[in-house]
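A short worksheet on the structure shown next.
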Amino acid sequence: MPLKKIFYLILASLFFLGCPAKHQKEEIAFTYLGKPIDPSAIDALYNAESKFLDLRSFKSEIPFEERKDHPTRIDFPKDANTGRTPFFDYGCVANVQDRFLLLIQYNGGGTGYFDNILVIKKTGTQLFLLKTLGEGDRCNGGISGEGMDGNDFHYSRNLTPIDIIRLATEVKIDVTAYEDLEASAISCFGLAHYQYNLADDKNELMSVSLDEGKEDEKEWTDRYPAQSCFNKIYNSYVKAKKTELSLKDLNEFAKKFSDECLKKASSVLR
């Protein structure tokens with residue numbers, strides 16, 4: 001199933017199941033004048049330098065009646081150059097009192113489908129963007145799953161080969177995206193699993209899981225000096241069914257890559 005379709009299904013479930021107003025006091029429900037907050041307002045807040053927006057002074061781009069079937073999504077005019085329809089979509093995941101966790105996705109008319117997780121404080125008609133958990137684009141950190149457990153929000157981000165190496169905390173490796181290793185938005189090699197506590201405002205990497213085995217691709221893999229060697233190490237883990245990596249395992253993977261691949265890559269360059 002395409003990543004974009006999966007994301008739409010996630011957002012749909014979040015809208016109907018996440019932040020249910022009937023279990024909250026009206027003043028902290030994520031609504032305005034009895035309706036879900038306009039997605040173009042969240043778009044404006046996300047891009048505002050002040051990270052502040054007052055809903056009373058915000059003018060909606062499209063009346064609610066014209067988007068009531070998809071109240072948390074707005075489609076902008078088609079991009080004449082790309083033929084794509086830019087959009088902004090959000091889903092409310094959870095809240096602790098006046099702080100809300102939102103999952104967003106948007107497209108500006110290009111090839112990227114960007115997502116992020118926002119922490120927003122709502123005080124009456126005022127919205128404050130307190131923090132974001134990092135923007136992704138498909139395999140470049142795109143969000144692929146989510147779930148709440150009490151105040152803990154569990155989510156995963158797609159990883160490219162260079163992302164896997166850079167997540168290691170005890171092994172510092174000097175590698176360059178698009179030069180030493182693959183790093184494209186279609187190079188999904190694994191998932192990073194995170195836990196964010198909305199009450200404590202703590203975001204923590206829990207583990208990394210590897211995808212299925214990868215084959216070298218002619219006229220692609222050979223563009224990157226260390227990629228073929230990375231694939232061999234990666235595939236050895238998959239073959240051994242060691243695809244769920246603790247942080248210790250991740251550091252060992254990165255060290256193995258450093259020891260076996262970077263020396264080979266440097267010798268090839270000579």
Worksheet, complete the sentence: Any residue on another chain or 5+ positions along whose placed amide H is under 5 Å from the amide H of residue 100 is listed here as 120, 121, 122
Discussion item. Need the C-alpha centroid separation for the stretch 168-208 versus the stretch 80-110, integer Å.
Written reply: 22
Practice prompt. Please sort by residue number the chymotrypsin sites (Phe, Trp or Tyr not before Pro) in the stretch 166-246 whose DSSP state is loop and whose Cβ has at most 15 other Cβ atoms within 10 Å.
Written response: 178, 220
Response to the item:
What one gets for the chain as the Kirkwood radius, inverse of mean 1/r over different Cα pairs in Å, is 20.4
Response to the item:
Lys pairs in the stretch 138-270 with Cα under 18 Å (8 or more apart in sequence, or on separate chains) total 25
Discussion item. Show me, for the stretch 133-150, the HN-Hα J-couplings you get by feeding each phi into the Karplus relation (A = 6.51, B = -1.76, C = 1.60, θ = phi - 60°), rounded to Hz, glycine and proline as x.
Written reply: 9, x, 7, x, 9, 6, 5, 7, x, x, 7, 10, x, 7, x, 9, 9, x
Practice prompt. Note down the relative contact order for the chain as a percent, whole number, built from C-alpha pairs under 8 angstrom at least six residues apart.
Written response: 12
Discussion item. Just want to confirm a number: the relative contact order over the stretch 138-270, from Cα pairs under 8 angstrom separated by 6+ residues, in percent.
Written reply: 23
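According to the square roots a ≥ b ≥ c of the eigenvalues of the Cα gyration tensor, what is the shape class of the stretch 138-270, taking rounded for a/c under 1.5, prolate for a/b larger than b/c otherwise, and oblate for the remainder?
It is prolate, given that a/c is not under 1.5 and a/b is the larger ratio.
Order these by the 10 Å Cβ neighbour count, fewest first: 117, 62.
62, 117
Laboratory data are not the source of any read-out in this text; all were calculated from the coordinates shown. Please read all numbers here as calculations on a predicted model, not as lab measurements. Using ideal geometry, Cβ is built from the backbone for each residue, glycine included, and neighbour counts are taken over all protein chains shown.
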